[in-house]
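The values are calculated or read from the model by the stated rules, or taken from the named source; none is laboratory data. All of these numbers come straight from a predicted model, not from anything done at the bench. When we count neighbours, we look across all protein chains shown, and the Cβ atoms used for this are built from the backbone with ideal geometry, even at glycine.
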Amino acid sequence: MFKKVLVANRGEIAVRILRSCRELGINSVAVYSEADRNSLHVKLADEAVCIGPAAATHSYLNVPNVVSAAEITGSDAIHPGYGFLAENADFAEICKKCNINFIGPTAEVIDTMGNKSKARETMQKAGVPVVPGSDGVLDGPDQAKELAKDIGYPVLLKASAGGGGKGMRIVREEDELENAFNMAQMESQAAFGNGDMYMEKYIETARHIEVQVLGDHHGAAIHIGERECSVQRRHQKLIEESPSPALTDKDRKKLGEYAVRACKAVNYRNAGTVEFIMAGPSEFYFMEMNTRLQVEHPVTERITGFDLVAMQLRVAAGEPMPVKQKDVRFHGHAMEFRINAEDPDNDFAPSPGTLTLFEPPLGPFVRVDTMAYSSCQILPFYDSLFAKIIVWGQNRHDTLARSRRALKEFAVAGIKTTIPLHLKILENEKFISGDITTSFLDEEF
Ligand code: MV4
């Protein structure tokens, strides 16, 4: 096992990773920007290295400074968390060259899954269902038109270098296609330095279901259940839950098999998530594969009893798969509520500031993952997520009731938060009945 791990991240996920390091007896190194000098992850780590000024590009995304911090502290591994460098194949490659263990998949797999059309082709070859669409990259608007005739409108143009909702364009009629293609290609070239486009049939009303996977360094891979992530705004998830109210046990088994097939096809190592779109009852298609630990991993931890970060550290150190597929069992129902420093009544404008009051909910079956503490600063330089409330109950009804209690109990002053929005969603009949698609939030609020 590693002696010392550097956490190349900040905020709640850095705190989360440091906690599992401590529990495994691994020394931890925090990195921080000048603005994060008083942040919780710096206080909890065994050592801390300042890697630059507030701006992420000069600190948390500054590869030479992050790698130097690992070198001077003698760290034998780096955990990237999510965001920042977590899915940067070049960074993973540099860690390998510097003989520092990157806790995640290989640079090659990060690169393949980061190219969404390559990922799609890989899944097609592996026998994982994909949405009807192009075989690889489109060579121009004419080919797109021909193909759209076969698959039928509406179609979705997607940038190979996009993902997470970036670089997508819906086209509803043929006479819009040429212009849409040229615009999307230019935007993708400008945004990602790559204009490759592919096409899929656009599935209007859909659910966003993702499957947690874990691969070891000996070719083994397991699936660890699904998460329903349909409650989202502009591709930012707000509420995640497991199990999905829409899945039968048969669906769950089928999705799990697809997800493991995806891992085996690329010899996947470490934690990852295979994203599916659910077009209808028992109708699933591969969307993307995320090669990182996700924000919403605690939902899976809650219903399985697994510590996914500890599992990541173990498999990255070369240990065999810590659990067998048959040992993966689910108990009860978990939900996660993302608490962002944003003002839901002002188009979710960021609301940084000093927490003059911070009293998170406690009591049975409520977990709070946060970097916040009373009087701390919620900084304007980074993501607005500052706390996650993960609630468990024997069933979805009990989890809803406990979630209302927990969110009502959460006292925060000094900034605006998404707590009021969550409380409204918890009173919404559609949400309560589990009848949610990715357009739920836009339609209901
Ligand atoms: C789709 C889709 C419908 N049809 N592809 C969004 C980001 C990435 N995970 C892939 N995404 C989607 N791809 C086809 N062929 C619907 C989504 C999607 C979505 C689209 C618009 C608005 C919100 C969305 C939330 C999740 C998924």
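Looking at (1) assigned to a loop (DSSP other than H, G, I, E, B); (2) surrounded by 15 or more Cβ atoms within 10 Å (Cβ to Cβ); (3) touching a helix residue (DSSP H, G or I) at 6+ places or on another chain (Cβ under 8 Å), which is the one condition that is false for Ile390?
Among (1) assigned to a loop (DSSP other than H, G, I, E, B); (2) surrounded by 15 or more Cβ atoms within 10 Å (Cβ to Cβ); (3) touching a helix residue (DSSP H, G or I) at 6+ places or on another chain (Cβ under 8 Å), the lone unmet condition for Ile390 is (1).
Could you please tell me which pairs satisfy a Cβ distance under 9 Å, a separation of 6+ or placement on different chains, a first residue in the stretch 39-62 that is β-branched (Val, Ile, Thr), and a second residue that is in a loop (DSSP other than H, G, I, E, B) and modelled with pLDDT of 95 or more?
The qualifying pairs are Val42/Arg10; Ile51/Ala8; Ile51/Ser59; Ile51/Tyr60; Ile51/Asn62.
Report, ordered by the first and then the second residue, all pairs with beta carbons closer than 6 Å, sequence separation of six or more or different chains, a first member in the stretch 270-293 that is farther than 20 Å from Gly83 by Cα, and a second member that is charged (D, E, K, R) and within 9 Å of the ligand (Cβ to nearest atom).
Met278/Arg207
Return the total of residues in the stretch 17-30 being surrounded by fewer than 24 Cβ atoms within 10 Å (Cβ to Cβ) and either touching a Pro at 6+ places or on another chain (Cβ under 6 Å) or part of a helix (DSSP H, G or I) (or both).
4
Search the stretch 137-147 for residues being within 16 Å of Ser188 (Cα to Cα) and among the aliphatic types (A, V, I, L, M), and hand back the single one that is nearest to the ligand (Cβ to nearest atom).
Residue satisfying both the conditions and the ranking: Leu138.
Of the residues in the stretch 31-62, how many are small (Gly, Ala, Ser) and either part of a loop (DSSP other than H, G, I, E, B) or modelled with pLDDT under 95 (or both)?
5
Of all residues in the stretch 227-247, count the ones that are more than 15 Å from Gly332 (Cα to Cα) and polar (S, T, N, Q).
Count: 3.
State yes or no: is Glu257 under 21 Å from Pro243 (Cα atoms) and within 16 Å of the ligand (Cβ to nearest atom)?
Here the answer is no, as Glu257 does not meet what is asked.
Could you tell me how many of the residues in the stretch 68-92 are closer than 20 Å to Asp111 by Cα and either of a type outside the set (A, V, I, L, M, F, W, C) or in a helix (DSSP H, G or I) (or both)?
11
In the stretch 321-334, which residues are over 12 Å from Ile222 (Cα atoms) and in contact (Cβ under 8 Å) with a residue 40 or more places away in the chain?
Of everything in the stretch 321-334, those that are over 12 Å from Ile222 (Cα atoms) and in contact (Cβ under 8 Å) with a residue 40 or more places away in the chain turn out to be Phe330, Gly332, His333, Ala334.
Failed condition for Asn115, given (1) out of contact with any Ser or Thr (no Cβ under 7 Å at 6 or more places or on another chain); (2) within 30 Å of Arg16 (Cβ to Cβ); (3) within 16 Å of the ligand (Cβ to nearest atom); (4) not hydroxyl-bearing (Ser, Thr, Tyr), with all others met?
The single condition Asn115 does not satisfy is (1).
Residue-by-condition table, conditions (1) basic (Lys, Arg); (2) at pLDDT 95 or above:
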{"site": "Gly152", "(1), (2)": "no, yes"}
{"site": "Leu157", "(1), (2)": "no, yes"}
{"site": "Ala161", "(1), (2)": "no, yes"}
{"site": "Lys166", "(1), (2)": "yes, no"}
{"site": "Ile170", "(1), (2)": "no, yes"}
{"site": "Glu173", "(1), (2)": "no, yes"}
{"site": "Glu178", "(1), (2)": "no, yes"}
{"site": "Ala191", "(1), (2)": "no, no"}
{"site": "Asn194", "(1), (2)": "no, yes"}
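Residues that are farther than 18 Å from Tyr285 by Cβ and within 15 Å of the ligand (Cβ to nearest atom): which strands (runs of 3 or more DSSP E) entirely in the stretch 148-252 hold 1 or more of them?
Result: 155-163, 166-171, 197-201, 221-233, 236-242.
For the stretch 379-394, give me the residue count where each residue is touching a residue at least 60 places away in the same chain (Cβ under 8 Å) and small (Gly, Ala, Ser).
Of the residues in the stretch 379-394, 2 are touching a residue at least 60 places away in the same chain (Cβ under 8 Å) and small (Gly, Ala, Ser).
Does any residue of the stretch 283-292 turn out to be more than 16 Å from the ligand (Cβ to nearest atom) and either closer than 27 Å to Thr205 by Cα or in a loop (DSSP other than H, G, I, E, B) (or both)?
no
Is it the case that Thr399 is of a type in the set (Val, Ile, Thr) and within 16 Å of the ligand (Cβ to nearest atom)?
So Thr399 does not fit the description; no.
Among the residues of the stretch 122-144, which ones are over 18 Å from Gly195 (Cβ atoms) and among the charged types (D, E, K, R)?
Lys125, Asp135
If we scan the stretch 97-108, do we find a residue that is part of a loop (DSSP other than H, G, I, E, B) and touching a Phe, Trp or Tyr at 6+ places or on another chain (Cβ under 8 Å)?
yes
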